Amino acid sequence: MSKWAGVTIVVAAVAMMTVGCAQGPSATAAVVEDKTYAVTPASVTVKAGIITGAVTELKVMERVEQGSNRVVSPAKLSGTLRLKNTSANQTVRLVAGKILYIDAQGQPIKLEESRTEPVVKFATYGNERLDPGQDGTQSLDVEFPAEALKAKKLKEIRLELAYIPSPYREESINFTVSIGAGK
């Protein structure tokens, strides 16, 4: 009889493990959506020394979990930066750009500690140099502070450009030549 009791306990144990390990209904994956904030105006003209241009197609976007509104991907500012060298005799080497978000009191709005500073890099070959009259385009995709998303918090966006102007000259060289008789 003890043999049958042992088999019954083993069968009961296997049945409990099977039922206990059975998966219940799978949790539905959370739906993530892009939440876009319009920037007004969406395009502005800019001027810094001998550089002019425009910042266009400005918008802020973050990714949030639908229903709970939990932020999955923090806000980013995106757009297009077009710059033109208006000098007649200087080449410009673009070094970097830094973006500051300014509140209604004229103070910078800080980013959350875990985020990187919003910097525009002109490291792509050919984008960092503008000869006289030449223009270039750079995409913007930089961090945006969550605090600035609150109504009436953000007053302006400041783009600080670092560039190196250098003299640009075109010279002509003439030299005397003669052609000998052909053979």
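The values are calculated or read from the model by the stated rules, or taken from the named source; none is laboratory data. Computed from a prediction, not measured in an experiment: that's the story for all the values here. Here the Cβ is made from the backbone with ideal geometry for all residues, glycine too, and neighbour counts use every protein chain on show.
Quick notes
- Selection from the stretch 147-161 of residues that are outside any helix (DSSP H, G or I), in contact (Cβ under 8 Å) with a residue 12 or more places away in the chain and of a type in the set (A, V, I, L, M): LEU154, ILE157, LEU159, LEU161
- Pair list, Cβ under 8 Å, 6 or more apart: the stretch 162-176 residue within 11 Å of LEU130 (Cα to Cα), other residue part of a loop (DSSP other than H, G, I, E, B) and hydrophobic (A, V, I, L, M, F, W, C): PRO165/ILE50
- Residue in the stretch 127-146 that is surrounded by fewer than 17 Cβ atoms within 10 Å (Cβ to Cβ), at pLDDT below 90 and either on the phi > 0 side of the Ramachandran plot or in a loop (DSSP other than H, G, I, E, B) (or both) present: yes
- Checked against the criterion of being within 26 Å of PRO41 (Cβ to Cβ) and either modelled with pLDDT of 95 or more or surrounded by fewer than 18 Cβ atoms within 10 Å (Cβ to Cβ) (or both), the candidates SER166, SER78 yield just one match: SER78.
- Residue within the stretch 116-134 that is more than 21 Å from the chain's Cα centre (by Cα) and touching a residue at least 60 places away in the same chain (Cβ under 8 Å) present: yes
- Which numbered condition LEU149 misses (of (1) loosely packed, with under 13 Cβ neighbours inside 10 Å; (2) at pLDDT 90 or above): (1)
- The residue that is surrounded by the most Cβ atoms within 10 Å (Cβ to Cβ), counting only those in the stretch 85-99 that are of a type outside the set (Gly, Ala, Ser) and touching an Asp or Glu at 6+ places or on another chain (Cβ under 7 Å), is ASN85.
- Condition check for THR45: surrounded by 13 or more Cβ atoms within 10 Å (Cβ to Cβ) and of a type outside the set (Asp, Glu): no
- Looking only at the stretch 92-123, residues that are of a type in the set (Ser, Thr, Tyr) and in contact with a Leu (Cβ under 7 Å, 6 or more places away or on another chain) come to 1 in all.
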